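Only one structure is covered here, and it is reproduced in the block below.
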Amino acid sequence: MKKKLTLICSALLCKSVFALGATGTTVSVPELSHGAPNQTGWISTNHAYAIRNDSKVEQVGTVCMTTTLCYDGAAQYHKIIQSCEKFDLKPGDFKHNVNNTNLAYNYPFSGYCEVRATTEVFGWQHSLATGVGKLKVWPI
């Protein structure tokens, strides 16, 4: 009986969450990336979002996918890549996308710096995913 009740409650919870709106974001950042000094390398990140217009009117939404590199270091080494998508959704419409980014770098030093990525939905719904990793620049 407990299993049936748990299953029914889970099904009802899923339905109510879905009815409130299906908005979600994810971001994937490598835990540790490697590069060599004075050689070009790339930090790759993966951003995804899904949003449903669960209201009764047309809505405007924006999703921004951002990757930053070495913002914990000297200003001359800061790198950023960002793309934003703006869209109109009619009631009941659904929008989703996956965006893979490659942020190029070429550093003359040896050491570590932080990689931070976010995927954020703005508008009548809000969702934020954040990922953090490290870049190790070291002679090979």
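So which pairs qualify, if the first residue must be in segment 87-115 and among the hydroxyl-bearing types (S, T, Y), the second must be assigned to a loop (DSSP other than H, G, I, E, B), the Cβ gap must be under 7 Å, and the two must be at least 6 apart or on different chains?
Listed pairs, sorted by first residue: Y107/P37; S110/P37; S110/W138; S110/P139.
Testing S55 on (1) in a strand (DSSP E or B); (2) in contact (Cβ under 8 Å) with a residue 60 or more places away in the chain; (3) among the small types (G, A, S), one condition comes back false. Which one is that?
(1) is the only condition that S55 fails.
List the number of the failed condition for G35; all other conditions in (1) farther than 14 Å from T130 by Cα; (2) free of Cβ contacts under 8 Å to residues at least 60 places away in the same chain hold.
Only one criterion in (1) farther than 14 Å from T130 by Cα; (2) free of Cβ contacts under 8 Å to residues at least 60 places away in the same chain is unmet by G35, namely (2).
Going through segment 51-76 one residue at a time, which ones are of a type in the set (K, R) and either under 22 Å from the mean Cα position of the chain (by Cα) or surrounded by 14 or more Cβ atoms within 10 Å (Cβ to Cβ) (or both)?
Selection gives R52 alone.
Picking from A117, A48, A129, A104, which residue would you name as being crowded, with 19+ Cβ neighbours inside 10 Å, out of contact with any Lys or Arg (no Cβ under 7 Å at 6 or more places or on another chain) and part of a strand (DSSP E or B)?
A117
If you check Y112, Y71, which single one turns out to be closer than 18 Å to P30 by Cα, touching a Lys or Arg at 6+ places or on another chain (Cβ under 6 Å) and not polar (S, T, N, Q)?
The match here is Y112.
Quick check on my filter: what residues within segment 23-45 are assigned to a strand (DSSP E or B) and more than 14 Å from H96 (Cβ to Cβ)?
Once the filter is applied, which keeps residues that are assigned to a strand (DSSP E or B) and more than 14 Å from H96 (Cβ to Cβ), segment 23-45 yields V27, S28, L32, S33, H34, G35, G41, W42, I43, S44, T45.
Every residue in segment 87-101 that is basic (K, R) and not in a loop (DSSP other than H, G, I, E, B), please.
K95
Just so you know, all these numbers are worked out from the coordinates, no wet-lab data involved. Note that this is a predicted model, so its numbers are computed, not measured. Counting neighbours? That spans all protein chains shown, and the Cβs are built from the backbone with ideal geometry, glycine included.
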